[in-house]
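See below for the structure under consideration.
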Amino acid sequence: MVPLWWYISLGVVLFVIGAAGVLLRRNILVVLMSLELLLNSVNINFIAFGRHYDDFRGQIFAIFVIAITAAEVAVALGILVALVRNKPTLKVDDVTMMKG
Amino acid sequence: MGQGFFLLFATVSVITALTVVVARNPVHSALALMACFLQISAVFVLLEAPLLAVIQIFVYVGAIMVLFLFVIMMIDVREAVLQRFLPGGNLPALALLVVLGVEMLVLVLWSDRFSVAEPVALRGGDEIRELSTTLFADYLLPFEVASVILLAALVGAIVLARKESG
């Protein structure tokens with residue numbers, strides 16, 4: 001039987017790696033993929049706690065997180081395609097025209 | 001036996017997640033992300049959530065990765081491949097990440113509530129039936145709201161990706 005804190009620790013490690021991708025990388029595509037990683041680590045925690053306390057709400061909230069992630073990726077990639085068409089760059093620092 | 005499988009899946013998923021962040025080519029990042037999602041779905045199977053494992057494979061590996069690879073093929077990534085990734089480029093963010101990770105790990109390892117091996121309660125019987133009953137009876141309104149959000153995202157993505165703004 002796998003103890004609960006192994007799952008929690010796996011979630012922590014994946015969350016930190018995803019946050020590193022969001023904060024340190026300058027490539028928009030890799031930043032979006034790291035966001036997926038963040039949401040997945042949260043899902044691991046939801047399902048681990050849900051099984052530990054014998055509660056279905058962990059799995060149900062994981063399903064909702066997956067649905068919201070799908071919507072987020074579709075909109076983000078649409079924005080990315082529109083952005084690259086106007087300004088052919090993939091660096092986050094170069095995309096400052098939307099401020100103000 | 002479950003522990004060995006868990007260690008295998010966890011190790012591979014952490015390695016592939018690091019590959020996602022470190023790889024120079026976004027295509028390599030996308031493929032590593034797909035491998036990582038497969039490992040996470042295996043972890044879901046270990047957690048006795050087979051429905052979530054199947055949803056994970058369908059949605060992430062089937063839909064989202066195809067979307068990512070399609071967009072990577074649509075836009076030009078040659079300039080992005082040339083620039084190197086330096087982890088020391090942003091020192092405050094790096095320090096923040098180290099503090100965050102150490103803090104969470106210390107808090108999890110310090111507490112003795114997470115160290116019990118057996119689950120507090122073991123459910124028995126028809127899990128997926130009970131799960132779907134809970135989902136469609138008690139959580140019907142959030143479910144419908146999620147479907148409306150998906151429809152709005154669909155329409156929004158089509159409008160955003162159209163050729164001329166109008």
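So the values come out like this:
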| read-out | value |
| --- | --- |
| Extreme residue, nearest to A:Ile28 (Cα to Cα), among residues of the range A:56-67 that are surrounded by fewer than 20 Cβ atoms within 10 Å (Cβ to Cβ) and more than 7 Å from chain B (Cβ to nearest Cβ) | A:Val65 |
| Close pairs from the range A:19-35: first acidic (Asp, Glu), partner assigned to a helix (DSSP H, G or I) and open to solvent by 20 Å² or more (accessible area, probe 1.4 Å), Cβ under 9 Å, at least 6 apart | none |
| A:Ile28 vs. criteria touching a strand residue (DSSP E or B) at 6+ places or on another chain (Cβ under 9 Å) and closer than 24 Å to B:Val61 by Cα | yes |
| Residues satisfying the stated conditions in the range A:80-94, i.e. touching a residue at least 12 places away in the same chain (Cβ under 8 Å) and crowded, with 17+ Cβ neighbours inside 10 Å | A:Leu80, A:Leu83, A:Leu90 |
| The range B:102-116, subset facing chain A (nearest Cβ under 7 Å) and under 23 Å from the mean Cα position of the chain (by Cα), residue nearest to A:Met1 (Cα to Cα) | B:Phe114 |
| Filter pass, B:Ile40 being open to solvent by 60 Å² or more (accessible area, probe 1.4 Å) and in a helix (DSSP H, G or I) | no |
| Residue in the range B:2-22 that is more than 7 Å from every other protein chain (Cβ to nearest Cβ), open to solvent by 40 Å² or more (accessible area, probe 1.4 Å) and either touching a Phe, Trp or Tyr at 6+ places or on another chain (Cβ under 9 Å) or in a loop (DSSP other than H, G, I, E, B) (or both) present | yes |
| Scan of the range B:23-63 for residues that are over 22 Å from B:Asp126 (Cβ atoms), facing chain A (nearest Cβ under 7 Å) and of a type in the set (A, V, I, L, M), ordered by number | B:Ala30, B:Leu33, B:Ile40, B:Val43, B:Val59, B:Ala63 |
| Qualifying helices (runs of 4 or more DSSP H) (wholly inside chain A; at least 2 residues being farther than 26 Å from B:Leu141 by Cα and of a type in the set (Gly, Ala, Ser)) | A:4-24, A:57-86 |
| Failed item in (1) surrounded by fewer than 19 Cβ atoms within 10 Å (Cβ to Cβ); (2) at the interface with chain B (Cβ under 7 Å from one of its Cβ atoms); (3) more than 28 Å from B:Phe136 (Cα to Cα), with A:Gly21 passing the rest | (1) |
| Options A:Asn45, A:Asn40: the member that is touching a residue at least 12 places away in the same chain (Cβ under 8 Å), open to solvent by less than 50 Å² (accessible area, probe 1.4 Å) and more than 9 Å from chain B (Cβ to nearest Cβ) | A:Asn45 |
| Odd one out for A:Leu77 among (1) buried (at least 22 other Cβ atoms within 10 Å of the Cβ); (2) closer than 20 Å to B:Leu160 by Cα; (3) more than 7 Å from chain B (Cβ to nearest Cβ) | (3) |
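The values are calculated or read from the model by the stated rules, or taken from the named source; none is laboratory data. Just so it is clear, the structure is predicted and the values come from calculations on it, not from any experiment. Positions of Cβ are backbone-derived with ideal geometry, glycine not excepted, and every protein chain shown enters the neighbour counts. Protein only, heavy atoms only, side chains kept; ligands, DNA and RNA dropped before computing areas. Shrake-Rupley method; radii C 1.70, N 1.55, O 1.52, S 1.80 Å.
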